[in-house]
Amino acid sequence: MSLHVYNTLSRNKETFESLKPGVVSMYVCGPTVYDKAHVGHAMSSLVFDIVRRYLEYTGYEVRHVMNYTDVDDKIIQRAQYEEVDAIELAERYITQYDQHLKELNILPATVYPRVSTEIQNILQVVQGLIDKGYAYEVDGDVYFRVNKDDDYGKLSNRKLDDMESGSRINVDSRKESPMDFALWKSAKPGEPSWESPWGEGRPGWHIECSVMSLEHLGEQIDIHGGGNDLVFPHHENEIAQSESYTGKPFARYWLHNGMMQLSGEKMSKSLGNLVTIESFLEENEADVLRMMILNSSYRSPLTFSDEVIEQTKKALERLRNGLRPAFPGAAGADAPVVEMLAEQVKATDAGFRAAMDDDFNTAGALGYMFELVRVINQARDAQATDEQLQPAQSLLTEFGGVLGLSLVREVSDQAGAAPFIDLLLEVRGELRKEKLWQLSDLVRDKLKELGVSIEDTKTGTTWHWE
RNA sequence: GGCGACGUGGCCAAGUGGUAAGGCAUGGGUCUGCAAAACCCUGAUCACGGGUUCGAAUCCCGUCGUCGCCUCCA
């Protein structure tokens, strides 16, 4: 079994093969930074983090580029409203998003390019497209000539004729075709702008990704990712620009994640139905969001609701409980139990990989992890020792890591409290012998309030930080 | 109007030709002084209608519904 991925370009699952053996180049469209990012943005970053982690797990070196769009109409609008510099406004939100990426345990990309620092490269490509006849200048604007590009529409499966006839955009008569899109826009006063052969101006939205990808990953890349709302026009236009410029196929695999749904609609800034990453993380730990994404197909819409969040928290807790140590003084499990555990380890190992190889079927992969948890718990109940549990638990930890989950409870022994907690529990043990239930329950309740969860078993009492 | 996706038990959700993973919740039981955790048992024929097939949730046609894109958007 080898990795298969669903390619939007062919609308099929394809065997994954990288251009260069052992190396994968991956470009993912990042956010336009004009406001606080929401959990939908996080979903995209998380999805491709999981893709990357699995690729790395299977032995690839991944060159991963994620851009920040820091020059854009909305940023300019917002900056004028707040009476601040547009680039500085963008900078503010970039810093914030960087922080979110860390908090969400997303592996750092190889490069995080942004528009404002790539202008020279953009100018070069725009000029190149003009020289090759794929673009033309009108009054300081430069447009891409879609009619010159024979396979325009191949990603989003649209025909130019249909689009033009169905178009309800007020057509700019200066454009040769209504579908021609801007590569360079002449600047209005007060907007951030750069000098160009066509006068003061700034890049259009689509050209930046083509250029950054070219600059940081080369003419051809393996994976291009982003939300499925970008398929048209953004990615379609990227293909048009890149392939017209280099004369080579651009990205081999186009991967698109589904949209986060809040009360039945796509979460988005323009609709105003959103939960910011910031507010989500105030209420929940990062792994909860990751777990929500893992529990369904990355290509499908994801239901976001309080109920689902609560369900996810519990599921995560169950996964972690699979890593609890053996009962204190466990006598050791019988051979059949140990054997059953060993078999489940094998099944989980094979099942997990097969699921992930099938277009990153994380929900299926999680299923195998949960089954392993159940068998671990069975073994634990049957007096398995830490040593006997170890192979299963380390596999669980390993796969958790592949998915980017930190299942191991942080052993943040607050101010060396452990010996004192042990002492308390020893005293509580004496209280229980005397059947002083009120007192012993008081200890349990108070410890709970302090974040210490205890578990009474036949052979003794264990505890862990929550 | 055009293009595309989806509709699986109360909720979330795998599975795309051979008689429905997993998680959460529910109900019953075991363990426990009680509790928590855990373990065992418990429920769906897969929107609807028709067709292809020995056999379909899985393929085809139609209907209904939901969502995305076609304008900035992860």
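I'd like the full set of residues that are of a type in the set (S, T, N, Q) and more than 6 Å from RNA strand B (Cβ to nearest atom), limited to the stretch A:265-317.
So in the stretch A:265-317, the residues of a type in the set (S, T, N, Q) come out as A:268, A:270, A:273, A:276, A:279, A:284, A:295-297, A:300, A:303, A:305, A:311-312.
If the condition is that a residue be of a type in the set (S, T, N, Q) and more than 6 Å from RNA strand B (Cβ to nearest atom), then A:Asn273, A:Thr276, A:Ser279, A:Asn284, A:Ser305, A:Thr312 are the ones that fit.
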By residue number, the members of the stretch A:72-92 that are within 11 Å of RNA strand B (Cβ to nearest atom) and closer than 25 Å to A:Tyr27 by Cα are A:Asp72, A:Asp73, A:Lys74, A:Ile75
Whichever residue in the stretch A:252-264 is hydrophobic (A, V, I, L, M, F, W, C) and under 30 Å from A:Thr15 (Cα atoms) and, among such residues, is farthest from RNA strand B (Cβ to nearest atom): A:Trp254
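Identify, from the list A:Val288, A:Val345, the residue that is in contact with a Pro (Cβ under 7 Å, 6 or more places away or on another chain), in a helix (DSSP H, G or I) and either aliphatic (A, V, I, L, M) or open to solvent by 40 Å² or more (accessible area, probe 1.4 Å) (or both). Explain how you work it out, then say what you get.
Numbers: A:Val288 fails: in contact with a Pro (Cβ under 7 Å, 6 or more places away or on another chain).
Only one candidate passes the filter, namely A:Val345.
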Quickly run through the stretch A:265-280 and pick out the residues that are buried (at least 18 other Cβ atoms within 10 Å of the Cβ) and assigned to a helix (DSSP H, G or I). A:Ile277, A:Phe280
Kindly indicate whether any position in the stretch A:395-408 is within 22 Å of A:Glu455 (Cβ to Cβ) and touching an Asp or Glu at 6+ places or on another chain (Cβ under 8 Å). yes
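For the stretch A:327-340, state whether one or more residues are within 10 Å of RNA strand B (Cβ to nearest atom), surrounded by fewer than 15 Cβ atoms within 10 Å (Cβ to Cβ) and not in a loop (DSSP other than H, G, I, E, B). It would help to see each step written out before you state the result.
Our first condition is that a residue be within 10 Å of RNA strand B (Cβ to nearest atom); within the stretch A:327-340, this holds for A:327.
In the following step, the residues that additionally are surrounded by fewer than 15 Cβ atoms within 10 Å (Cβ to Cβ) were identified as none.
No: the stretch A:327-340 contains no residue that is within 10 Å of RNA strand B (Cβ to nearest atom), surrounded by fewer than 15 Cβ atoms within 10 Å (Cβ to Cβ) and not in a loop (DSSP other than H, G, I, E, B).
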(1) loosely packed, with under 14 Cβ neighbours inside 10 Å; (2) more than 8 Å from RNA strand B (Cβ to nearest atom) all hold for A:Phe399 apart from (1)
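Here's the yes/no breakdown for (1) outside any loop (DSSP other than H, G, I, E, B); (2) open to solvent by 20 Å² or more (accessible area, probe 1.4 Å); (3) at pLDDT 95 or above; (4) in contact with a helix residue (DSSP H, G or I) (Cβ under 8 Å, 6 or more places away or on another chain):
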site: A:Ser2; (1), (2), (3), (4): no, yes, no, yes
site: A:Glu17; (1), (2), (3), (4): no, yes, yes, no
site: A:Ser25; (1), (2), (3), (4): yes, no, yes, yes
site: A:Met43; (1), (2), (3), (4): yes, no, yes, yes
site: A:Phe48; (1), (2), (3), (4): yes, no, yes, no
site: A:Val51; (1), (2), (3), (4): yes, no, yes, no
site: A:Glu56; (1), (2), (3), (4): yes, yes, yes, no
site: A:Gly59; (1), (2), (3), (4): no, yes, yes, no
site: A:Arg63; (1), (2), (3), (4): yes, yes, yes, yes
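Tell me, yes or no, whether the stretch A:426-441 has at least one residue that is part of a strand (DSSP E or B) and in contact (Cβ under 8 Å) with a residue 12 or more places away in the chain.
In the first step, residues of the stretch A:426-441 are kept if they are part of a strand (DSSP E or B); the result is none.
There is no residue in the stretch A:426-441 that is part of a strand (DSSP E or B) and in contact (Cβ under 8 Å) with a residue 12 or more places away in the chain.
Just for the stretch A:350-381: of the residues that are polar (S, T, N, Q) and part of a helix (DSSP H, G or I), which one is farthest from RNA strand B (Cβ to nearest atom)? Before you say what the answer is, go through the steps one by one.
Narrowing the stretch A:350-381 to residues polar (S, T, N, Q): A:361-362, A:377-378.
Of the ones still in play, those that are also part of a helix (DSSP H, G or I) are A:362, A:377-378.
On the way: A:Thr362: 9, A:Asn377: 3, A:Gln378: 5 Å.
The residue in question is A:Thr362.
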Please enumerate the residues belonging to the stretch A:27-41 that are closer than 19 Å to A:Leu214 by Cα, open to solvent by less than 10 Å² (accessible area, probe 1.4 Å) and either assigned to a loop (DSSP other than H, G, I, E, B) or more than 8 Å from RNA strand B (Cβ to nearest atom) (or both). A:Tyr27
All but one of (1) out of contact with any strand residue (DSSP E or B) (no Cβ under 9 Å at 6 or more places or on another chain); (2) closer than 15 Å to A:Leu403 by Cα; (3) open to solvent by 10 Å² or more (accessible area, probe 1.4 Å); (4) without any contact (Cβ under 8 Å) to a residue 60 or more places away in the chain hold for A:Gly364; which doesn't? (1)
Residues that are of a type in the set (Gly, Ala, Ser) and under 21 Å from A:Ala326 (Cβ atoms), drawn from the stretch A:419-466: A:Gly429, A:Ser453, A:Gly460
Given the structure, is A:Ala417 of a type in the set (Gly, Ala, Ser), more than 8 Å from RNA strand B (Cβ to nearest atom) and more than 14 Å from A:Leu319 (Cα to Cα)? yes
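Can you confirm whether A:Gly404 is out of contact with any helix residue (DSSP H, G or I) (no Cβ under 7 Å at 6 or more places or on another chain) and either open to solvent by 70 Å² or more (accessible area, probe 1.4 Å) or more than 11 Å from RNA strand B (Cβ to nearest atom) (or both)? Show your work before the answer.
Working: out of contact with any helix residue (DSSP H, G or I) (no Cβ under 7 Å at 6 or more places or on another chain): no; either open to solvent by 70 Å² or more (accessible area, probe 1.4 Å) or more than 11 Å from RNA strand B (Cβ to nearest atom) (or both): yes.
When the stated conditions are applied, A:Gly404 does not pass them.
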Strands (runs of 3 or more DSSP E) (entirely within the stretch A:163-264) containing at least 2 residues that are open to solvent by 30 Å² or more (accessible area, probe 1.4 Å) and within 21 Å of A:Tyr143 (Cα to Cα): A:182-186
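Before we move on, is A:Ala79 crowded, with 20+ Cβ neighbours inside 10 Å, of a type in the set (Gly, Ala, Ser) and modelled with pLDDT of 95 or more? Step through it out loud before you land on a result.
On the way: crowded, with 20+ Cβ neighbours inside 10 Å: yes; of a type in the set (Gly, Ala, Ser): yes; modelled with pLDDT of 95 or more: no.
In short, no.
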Here the residues within the stretch A:421-444 that are over 29 Å from A:Ala384 (Cβ atoms) and either modelled with pLDDT under 90 or open to solvent by 80 Å² or more (accessible area, probe 1.4 Å) (or both) are A:Glu434, A:Lys435, A:Trp437, A:Gln438, A:Leu439, A:Leu442
Could you grab me the full set of residues in the stretch A:128-157 that are surrounded by 18 or more Cβ atoms within 10 Å (Cβ to Cβ), assigned to a helix (DSSP H, G or I) and under 35 Å from the mean Cα position of the chain (by Cα)? A:Leu129, A:Val146
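The values are calculated or read from the model by the stated rules, or taken from the named source; none is laboratory data. These numbers come from a predicted model, not from an experiment. We place every Cβ from the backbone using ideal geometry, glycine too, and count neighbours over all the protein chains shown. With ligands, DNA and RNA removed, areas are computed over all heavy atoms of the protein, side chains included. Shrake-Rupley method; radii C 1.70, N 1.55, O 1.52, S 1.80 Å.
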